[in-house]
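Taking it in order: structure first as structure tokens, then the write-up.
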Amino acid sequence: MNREPKIIRPRRVSFPWFSALAALLLAIGFLLASHPELLTPYGLNLEASAFYPLMQQLEVKVGALIGFCLLLLLDIYRHDRARHAFDRDIKRMSAEITQLWQSKKQLQLKAHTYAGHADKLKLFISEKLLEYIEYDEKFLHFKSIAAEVRHNGVICFDKVQTALQGALADPESLNYATRAQYRDAQTAMRYLWDLLDLSTTDNIALHIGNQLCECEEHYYQLLLNDSESEALPHRPDYSPRRAALRALAPLLQNSPSELEELDTTQPERIALEDDAQFRAYLDPTDTLLGNENHFVLLLENLLKNAQFFTRKKPKQKHHRVALTLSQQQGYIHLAVYNRGPRIEPAKMDQIFQLGYSTRRAREHHGKGLGLFFVQEIVKGYEGQISVQNVENEPAFYSLRTALANGEVVTQVVRVTLGPEGEPRCERAEPASADDNTRTDDSGTEAQLEWDFDSPITRVEITPAHSQVTQGLDCDPKGPRETVLDPDNPATPRWALEIQPRRKGGKLTFIPLDVGGVCFDVTLPTADARLDSDEQDLDALAPRVEDLNRPFEGLEEYRNG
């Protein structure tokens, strides 16, 4: 902080009064000693006084002269000190004046700089105001267009829906393929209408929440009086697994009807592992309340986002976009994994904002709508969504290979992390699984291979961190086999390739790079939304007290 300089005034140089008075008295004394008759007209006789003889003595005159000289020297010394002090004060004052001028110049420079910044700020604010005004005008224009599209969409949707329902009303006149096409077209039209409905609403989360409240009422009626369930306008709940299959259908280039049939024909887990882009594991779950198309839209945005960012990394043989669907304690858990670039922690909350997009490719620029829609749908379901980076981890594996000649070979494989976090492997001795050290590429390889002179009959692999042995029986004359990590089917961390030969076999261990991003979505099931939970009521009690606190004074006034 700059402080204003303190101005010091110079000291005054005093007149040599002592030496001047002493010189005057000395001159008067010498004059009277030489001419005493000067005092006679005034009635004074200096010659008759006792001082006159002393004034005539030479010693007295010399002493008076010496005293005058001493006083003169003293005044000269005092004057010299005062002059030096005056010069110092003048120099100091000059320095203060110079510093004052410099500070004034700095203030003027700051004033000019701040004035320039103020002008730039005014220009920036005016430009932003113009942008906001233009944005508001565009928003109002968009709302008017959306209202018109919604109005015309309702008319077109009713016409197409009526035509499709009329075609499906007589199933005997249609063969199975045509009937499936009409059914898929009807489902697509309903999905298009629901997408238009969400796009033109003011608050997506509130819109979905209101629909869930209506579905809860219909679901209550469905549970209390099953005989009247056919009178309901629509079924209030749906299967999330069927919705997931519908979302996967266009990405797998399959018919939605074919995949939807898997939901009813396979009561156990549905595993789709043959596709070159996706890998899905869908467990049977309880139903969800609401509109099935909202769940399809949520999952389609997550899958397309994962598909886009997976292409940002070099393609590898065993890596896919992974989708898992499961249920735990009354909640549906949905996870979508991709091997795309990691997300910085500071940007994990920004990716769900409207208009924010990390797609900055020349041929494709994101609009920042997909993940925003996902978050709003999750909010409407009163669920949770989170994103986390998936990292590679060092590990130890014990490989036990049984050969046809009865020999058993045991190898220990150590998986380490390279300079960029990629997995590398090497032959090692058994060690602690908590060894998280990184290593360079020296001494490590991308994969390990073993050639045996005798055919391979069985391979067992045991991770050091779990001590759970996974075994695979091999046909010495069979085709080449590939085994992925069964402990992590969605994101396998290793692969084993077994290649039979005429007089032996070859075993290859490949550590897989699983570094990427995983989106986790948690939604309450229909039964979980209807069942009362004492813990939820206990958690709500403090909020009720906070709401009642402003009215305590009113209750006291009424009671008084």
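The values are calculated or read from the model by the stated rules, or taken from the named source; none is laboratory data. Worth saying up front: this structure is predicted, and the values here are computed from it rather than measured. A quick note on method: Cβ atoms are made from the backbone with ideal geometry, for glycine too, and the neighbour counts reach across all protein chains shown. Calculation scope for accessible area: heavy atoms of the full protein, side chains included, ligands and nucleic acids excluded. Shrake-Rupley method; radii C 1.70, N 1.55, O 1.52, S 1.80 Å.
Annotations for the structure displayed:
- Residue match in the range 302-316 (condition: touching a residue at least 40 places away in the same chain (Cβ under 8 Å), outside any helix (DSSP H, G or I) and either of a type outside the set (D, E, K, R) or crowded, with 20+ Cβ neighbours inside 10 Å (or both)): yes
- Test for residue 36: is it open to solvent by 100 Å² or more (accessible area, probe 1.4 Å) and at pLDDT 75 or above: no
- Scanning the range 48-73 for residues that are surrounded by fewer than 14 Cβ atoms within 10 Å (Cβ to Cβ), of a type in the set (A, V, I, L, M) and assigned to a helix (DSSP H, G or I) returns 54, 58, 62, 65, 66, 70, 73.
Here is a yes/no grid of residues against (1) modelled with pLDDT of 90 or more; (2) within 21 Å of residue 321 (Cβ to Cβ); (3) of a type outside the set (Ser, Thr, Tyr):
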| site | (1), (2), (3) |
| --- | --- |
| 442 | no, no, no |
| 447 | no, no, yes |
| 454 | no, no, no |
| 475 | no, no, yes |
| 481 | no, no, yes |
| 488 | no, yes, yes |
| 513 | no, yes, yes |
| 520 | yes, yes, yes |
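- Scan of the range 483-521 for residues that are closer than 30 Å to residue 383 by Cα, in a strand (DSSP E or B) and open to solvent by less than 10 Å² (accessible area, probe 1.4 Å), ordered by number: 516, 517, 519, 521
- The lone exception for residue 343 - which of (1) open to solvent by 30 Å² or more (accessible area, probe 1.4 Å); (2) out of contact with any Ser or Thr (no Cβ under 9 Å at 6 or more places or on another chain); (3) modelled with pLDDT under 90 it fails: (2)
- Yes/no for residue 180 being at pLDDT below 75, closer than 30 Å to residue 526 by Cα and either aliphatic (A, V, I, L, M) or touching a His at 6+ places or on another chain (Cβ under 8 Å) (or both): yes
- Cβ-Cβ under 7 Å pairs, at least 6 apart or on other chains, the range 320-331 side touching a residue at least 60 places away in the same chain (Cβ under 8 Å), far side aliphatic (A, V, I, L, M) and surrounded by fewer than 22 Cβ atoms within 10 Å (Cβ to Cβ): 322/490; 324/335; 324/490; 330/528; 331/528
- Residue within the range 219-226 that is open to solvent by 50 Å² or more (accessible area, probe 1.4 Å), aromatic (Phe, Trp, Tyr) and modelled with pLDDT of 80 or more present: yes
- Boolean, residue 114 is among the aromatic types (Phe, Trp, Tyr), free of Cβ contacts under 8 Å to residues at least 40 places away in the same chain and under 30 Å from residue 30 (Cβ atoms): no
- Restricting the range 252-264 to residues that are part of a helix (DSSP H, G or I) and surrounded by fewer than 16 Cβ atoms within 10 Å (Cβ to Cβ), the residue that is modelled with the highest pLDDT is 262.
- Considering the range 370-405, and only residues there that are among the polar types (S, T, N, Q) and touching a strand residue (DSSP E or B) at 6+ places or on another chain (Cβ under 8 Å), the residue that is farthest from residue 337 (Cα to Cα) turns out to be 401.
- Long-range neighbours under 8 Å by Cβ, at least six apart or interchain, first residue touching a residue at least 24 places away in the same chain (Cβ under 8 Å) within the range 447-470, second crowded, with 17+ Cβ neighbours inside 10 Å and among the basic types (Lys, Arg): none
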